[in-house]
1. Placing +1 on the Cβ of each Lys and Arg and -1 on the Cβ of each Asp and Glu in segment A:41-302, which of A:H199, A:P137, A:A59 has its Cα farthest towards the positive end of the resulting dipole?
2. Kindly express, to the nearest 10 degrees and within the range 0 to 90, the angle between helix A:354-363's C-alpha long axis and the longest C-alpha principal axis of chain A.
3. Got the relative contact order for segment A:343-409 handy, in percent, Cα pairs under 8 Å and 6 or more residues apart?
4. Going from the alpha-carbon gyration tensor of segment A:105-215, what semi-axes, largest first and in whole Å, does one get by taking the root of 5 times each eigenvalue?
5. Inverting the mean 1/r over all pairs of different Cα atoms, compute the Kirkwood radius of segment A:185-270 and quote it in Å.
6. Please report, in cubic angstrom per residue, the volume enclosed by the convex hull of the alpha-carbon atoms of segment A:80-125.
7. Give me the aspartates and glutamates in straight-line cross-link reach of B:K90: C-alpha distance below 12 Å, same-chain residues under 8 apart excluded.
8. Could you put A:T271, A:T18, B:T74 in order, starting from the residue whose Cβ has the fewest other Cβ atoms within 10 Å?
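Only the coordinates and a few stated rules stand behind these numbers; no lab work does. Remember, predicted model here, so these are calculated numbers, not experimental data. Cβ placement follows ideal geometry from the backbone for every residue including glycine, while neighbour counts extend to all protein chains displayed.
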Amino acid sequence: MSFSAAQIRKDFPIFERTVCEGKRLVYLDNGATSQKPLSVIESESDFYRLHNAAVHRGAHQLAEEATDAYEGAREIVAAFLGAPGGADEIIFTKSATESLNLLAYAMGNAPVGNRFAVGAGDRIVVTEMEHHANLIPWQQLTARTGAELAWFKVTAESRLDLSTINDVITANTKIVSVTHQSNVLGTINPLAAIVARAHEVGAVVILDACQSVPHMSIDIKALGVDFLAFSGHKALGPTGIGVLWGHMDLLNELPPFLFGGSMIENVTMTTATWAPVPQKFEAGVPNMAQAVGLGAALNYLTNLGMDNVHAYEVALTGYLLEKMHAVPDLRIVGPANTQSRGGTLSFTIKGIHPHDIGQYLDSQGVAVRTGHHCAWPLARALSIPASTRASLYLYNDESDCDALVDAILGAQKYFGRF
Amino acid sequence: MELDSLYQEVILDHYKHPQHKGLSPTFSAQVTHVNTSCGDEIILNINLDNELISELTWEGQGCSISQASVSMMTDLLTGKTLKQAAVIVKSFSELMASKGTSAGDPLVLEDAVVFAGVSKFPGRVKCSLLGWMAFKDAAIQAQANNRGER
């Protein structure tokens, strides 16, 4: 089957509308959130229309149907990621941000003697290219515990500088939390060396996979990481649903983060014990319709084949990179070619601020993101106050790339007139 | 073109030729304000001679709207009393909240009425207010400093 973005676009109702007085929508803000196929929209609304009930409670048929749908989504996620321990290793959260905060807070709750206990003398390692969601939770954990934060720097070629890996991941390192693919640079990070060194010193490896899970085939066993977080809404799914995966033995040892209904085993007025994983980490009535919608989204992607999606996006990225290299005064903020890079293309234009570029692009129907993209320290390291980011997905095609480049040239003309 | 109501010539002119840019060596107060959603930044120095704003200087980086707005504001408020400035700031804030329904009062705002077009773009209102919010903050701090509260 040949991959047809034009055919795929027909599955997404939003592309039936126009923007900016009749212009075709050129949606290139997929790094922020993806659009939704009809199957996802319908599965979410069907849950409310036909099956709505609180899962894991209620002695009635609807509660059983809702539980089946919710737990079915967990199975789909587990299969999509290749979770070695199956569906029980999948924890639903409201977002990847919550998944990462869950880990940071749960580890902060770990008592002395627990393998996750962090304190003075311990080290937590991140990278300079982290999204704020995978930086600030660890900053805060070090502030609360007296542990030290260290990080891999980014090279001029937009790669992680692993030349000093043994000095960054030291013997006292407990946690290494890195992004799989930068949401600004598009850089796909080499994990093997990081995982090997982290495990050598007994640290756990957490992967922020927000920008990779939607775009490439993921096999957790092959990655070798210990925890993984991603958000549903960047992978064609609804907002309000995120995933945390962890190895079962680690999840068993990790203390809970949120306390309340559903996550308990036994409760007295003064004590409580915890339900088994994953319930231990899912206090309260969860985002059920959203989990079911995520299941539909991952099924949609699986039907296309993630290897096909990835190959298509790499080719499209190559096409856009080549066109952008030909634009005068344009600097790509990220790897110059498609080697270990995804379809996130940030750039600056000499003499025009990103916010002004974005405004002009919007007037042409081209939707992009501008700013520091929630990775302010990276912008500082690169000495750019902000950039414009175009991020591709499976429904984009060469005509979208052409529209972007035409609009950039138009912006240069528009702002050059004074 | 709708875009032209945003990017008025006088705005882009201030962006390319900013006024009062370059911080004064001394000041009654100095503030730094940041637009957290985009990273735009303004450092504003204010010098007060009793009630008179004798000097406003700034440094910053950002989009044409934020930079032109602070440039125009420093032009407009230098030499005014704090009381006069408060009237102008209020008038500008109301214009920016008007969602394109107000043309602004040229007797109060002078050239700054061109920002009426910006008020139609909700995503850019914050850009245009960055310098003005910095001024409000700086004026309060400068008065406190001059009273010897710090």
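1. Most positive-ward Cα: A:P137.
2. 70 degrees
3. 43 percent
4. Ellipsoid half-lengths, sorted descending, are 23, 15, 12 Å.
5. Over segment A:185-270, the inverse of the mean reciprocal pair distance is 15.3 Å.
6. 126 Å³
7. B:D105
8. A:T271, A:T18, B:T74
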